[in-house]
Amino acid sequence: MMRLAIICPCYNEHEVLDESARRLSLLLDELTAARKISADSYVLLVNDGSRDDTWEIIRSLHAADPRFRGLNLARNAGHQNAIMAGMMTVRGRCDAAVTIDVDLQDDLEALKRMIDKYREGTDIVYGVKRSRRGDSWMKRTTAESFYRLQHAMGVETVFNHADFRLMSGRALDELAQYGERNLYLRGIVPLLGLRTDTVDDVIGEREAGKSKYTLKKMANLAVDGITSFSVKPIHLIFGAGLFFLGVSVAMTIYILWSYFVHSVVPGWTSLMLSLWFIGSILLLAIGVIGEYIGKIYVEVKARPRYHIESLLGDDPTPPLRKNDER
Ligand code: UDP
Ligand code: MG
């Protein structure tokens, strides 16, 4: 039977923790009774440097029910890092992990379907928002236009998927190879390959408390979501340079024509010629430098070049994680 770990990042979640813990323990009870998960499955509450008494609440939850475990980060590392810390902590200590926000806006029914998919052999299951009933108009439009922009910039992500997902132990092992700091999990997980699937997720209201995602945090995430995966913005600069070089040729013809056909103010011709020419050369130069910086950026991230799906014959070294029993 599979051992499940549910990971919840918590930042100043005083208002929701008790209620969420109650619902999560009911969920564990139900899944254990249905013999879908083993009795030693657990919830890992990651305290992301909260300023309120979130950690004290987590400690008392653990004291009351050891299926609630806690991980206390020394300072606020942000949602993405908190999730990553949780996943790297449960790695090797579970068969599969589900990450879900502690406000439980995501659908617990979808979580159950994720487990069924895992038992059928899937390694990564994405929760995809089908309805955003609980999200404000603002949140919905900004989020959806962000996903579109990201797509236009050539970043491969799952549309309308946030960080509600199941990862098998094997997927966690592969993920552990990514050492980058500008963490944007929604971009990395699709790079892992493996067997993936989606389940529909109906977004509800926050149980209590306010959103912990400030505008600043959202903007940072959006910038990471594009710049960590795509050098397209740099290509755009280079393209603009080429475009303006073309314009500059057209302008040269026009300027020389003006010079010869009607008299122009002295100095205008040389000024105009250099303006367009130098402008386009500068853009091109920035684009070229950008290309190199883009390459350096990709190198310093030192991402794994490939992930092995399977190997036939020969002893794989280092040993591949053997396909766990489902
Ligand atoms: N969170 C976190 N660190 C932060 C900000 C948020 O761990 O710096 C957690 C928060 O406790 C919640 C999840 O990330 O479990 C999502 O945050 P929230 O529900 O406030 O965002 P929203 O649903 O409004 O996008
Ligand atoms: Mg939320």
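Other residues whose C-beta falls under 12 angstrom from the C-beta of Ala39 contribute a net charge of +2, scoring Lys and Arg +1 and Asp and Glu -1.
Projecting the alpha carbon convex hull of the chain along each direction and taking the average yields 22.7 nm². Between the C-alpha center of the stretch 115-148 and that of the stretch 269-292 there is a gap of 44 Å. In the chain, the portion of solvent-accessible area held by carbon and sulfur atoms comes to 60 percent [1.4 Å probe, whole percent, DNA, RNA and ligands not counted].
When only the Cβ of Lys, Arg, Asp and Glu is charged (+1, +1, -1, -1), the dipole of the chain relative to its Cα centre reaches about 480 debye. Secondary-structure-derived ellipticity at 222 nm for the chain, considering helices only, amounts to -16000 deg cm²/dmol, per-run term -39500 (n - 2.57) for DSSP H runs with n ≥ 4. If I fit a long axis through the Cα atoms of helix 215-227 and take the longest principal axis of the Cα atoms of the chain, what angle between them do I get, 0 to 90°, rounded to 10? So the inclination is approximately 70 degrees. Rolling a 1.4 Å probe over the protein heavy atoms gives the chain an accessible area of 54 Å² per residue. Between the alpha-carbon centres of the stretch 89-105 and the stretch 1-58 there is a gap of 9 Å. If you sort Arg69, Arg206 by accessible surface, 1.4 Å probe, largest first, the order is Arg69, Arg206.
The values are calculated or read from the model by the stated rules, or taken from the named source; none is laboratory data. Just so you know, these numbers come straight off a predicted model, no measurement behind them. For neighbour counting, all protein chains shown are included, and Cβ atoms are generated from backbone atoms with ideal geometry for every residue, glycine included. Ligands, DNA and RNA are stripped out before the accessible areas are found, and what is left, the full protein with its side chains, is counted by its heavy atoms. Shrake-Rupley method; radii C 1.70, N 1.55, O 1.52, S 1.80 Å.
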